[in-house]
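**Student:** Pasting a structure below so you can have a look.
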């Protein structure tokens, strides 16, 4: 590496911290686990070469505390930071502060993070690169009158969306002008509370949309794609089941979609791993860019399994000054992969968070099965953070084989001590609509509602 990473500070926790530490170890890079007081007995802390305690359990006192993380850099002598996903991973100010401190931020530049984090600016950037976007307002909106005027060209139904932020917050549906007048200030308040920015924009609502995203890698000069992921099975706009490639795209659609993603990535001079999210209109076969996530994603393993490329290692190599080690023609689509998220949530209590002590723990093994997790027997899952416990990931020669391995992986997993979503995935894998890939972004919530009311219980 030309700008060698001598020691890596892992500014995250849970399974992604474990994943980063493992990738760094394989490259011979020493690691520091930056932990809250609640995570001193975590798997990441056990695996890292060093531990640095950031502060108390609360995220704002630890994983979101920029000063504490910069202090960790200084004290440990680490010269690079990997932010993982969530927390400060898409915070331009943090990326800038890391670089100002003389260290390497493993990810794109602060400027790129800010540019793509602003949804209105991201739309403009996509349009400039010739990438289609969902019809919407030309810029940010701050009052109802402007929104009503913009709605005339966007058309109803439409979504009111926070310009800054993600995670499904600040999004409201309006089916007519009256609803728009009611929901606009609510969306503004939610956006202000969640992101400190009340700016919103309008976007046409596509009733039967699929959520399809493209994984990209860039070295600042060139970019490649690792094909697409189908992420339509969501609850409250949070994904729970992902697969690669999408089971519904033709080869021509795949090429058009992925080429548009590379075009946009290269226009940014992008460095690192990123994901471009699209809506796919089932009725028309059209693709629309919605946003770019300037970080590694929870669902990245399915892209790794269909291409054989370790994305986290690639991020570290790029951050260390290496150019991309492969061209697009070197990346071949191999089979199909599925990922099931296991969360400490109780499906019987509307997915109420259910942290607790890991009592019995048995993971599946065998060909085409991978588990990404931070759990170990006797570990007490803290109540302060995201509920993700593990990801069951399977690979097969085709989608049918992957689905068969997914059923086997779920059947051969034992996780007791807390309510979790394992059994739910078992039920999900029996649904005919899953096997036929006849679903869209609203399908999972409809199925869960039917299940609660006794329709499938």
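Any read-out appearing in this document is the output of simple, stated calculations on the displayed coordinates, not a laboratory observation. Not measured: the values here are computed from a predicted model. Because the Cβ atoms are built from the backbone with ideal geometry, glycine has one as well, and the counts that use them run over all protein chains shown.
**Student:** Just want to confirm a number: the relative contact order over the chain, from Cα pairs under 8 angstrom separated by 6+ residues, in percent.
**Tutor:** Working: 1011 pairs, mean separation 64.8, N = 457.
Result for the chain is 14 percent.
**Student:** Also, I was wondering about something else. For residue 446 and residue 397 in one chain, what is 0.36 nm times their gap in residues minus the Cα-Cα distance, to one decimal in nm?
**Tutor:** Working: separation 49, 0.36 × 49 = 17.64 nm, distance 3.06 nm.
Net length gain for the segment: 14.6 nm.
**Student:** Listed highest first by mean packing, meaning other Cβ atoms within 10 Å per residue, what order do 345-351, 384-390, 291-297 come in? Write down the numbers at each step before the final one.
**Tutor:** Details: 345-351: 15.1, 384-390: 20.0, 291-297: 23.9.
Highest-to-lowest ranking by the protection proxy: 291-297, 384-390, 345-351.
**Student:** Quick check: residue separation of residue 124 and residue 58 times 0.36 nm, minus the Cα distance between them. What number comes out in nm?
**Tutor:** Values: separation 66, 0.36 × 66 = 23.76 nm, distance 3.66 nm.
Separation in residues times 0.36 nm, less the Cα-Cα distance, equals 20.1 nm.
**Student:** Let me ask something additional. Can you give me the distance in nm between label points at residue 408 and residue 177, each placed 7 Å from the Cα along the Cα-to-Cβ direction?
**Tutor:** Output for this residue pair reads 6.1 nm.
**Student:** How many nm is it between the label spots at residue 259 and residue 349, if each spot is 7 Å from the Cα in line with the beta carbon?
**Tutor:** Using points 7 Å along Cα→Cβ, the separation is 5.3 nm.
**Student:** Arrange the following residues from fewest to most other Cβ atoms within 10 Å of their Cβ: 447, 363, 433.
**Tutor:** Numbers: 447 20, 363 16, 433 12.
Fewest-to-most ranking of 447, 363, 433: 433, 363, 447.
**Student:** Using per-residue counts of other Cβ atoms within 10 Å, averaged over each peptide, order 233-244, 269-280 from highest down. Present the calculation step by step, with values, prior to reporting the outcome.
**Tutor:** Working: 233-244: 20.1, 269-280: 23.5.
By packing density, highest mean first, the sequence is 269-280, 233-244.
**Student:** Two decimals is fine: what is log10 I(q)/I(0) at q = 0.10 Å⁻¹ for the stretch 209-452, from a Debye sum with one equal scatterer on every Cα and no solvent?
**Tutor:** -0.49
**Student:** Let me ask something else about it. Calculated from DSSP H runs of 4 or more alone, at -39500 (n - 2.57) each and per residue, what is the 222 nm mean residue ellipticity of the chain, nearest 500? Write down the numbers at each step before the final one.
**Tutor:** Values: 15 runs with 154 residues, N = 457.
Computed mean residue ellipticity for the chain: -10000 deg cm²/dmol.
**Student:** Ranked from highest to lowest mean number of other Cβ atoms within 10 Å per residue, what is the order of the peptides 367-374, 75-82?
**Tutor:** Details: 367-374: 18.1, 75-82: 21.2.
So the peptides 367-374, 75-82, ranked by packing, come out 75-82, 367-374.
**Student:** Oh, and also: Suppose each label sits 7 Å from its Cα in the direction of the beta carbon; what would the residue 144-residue 437 distance come out to in nanometres?
**Tutor:** Going from the residue 144 label point to the residue 437 one covers 4.5 nm.
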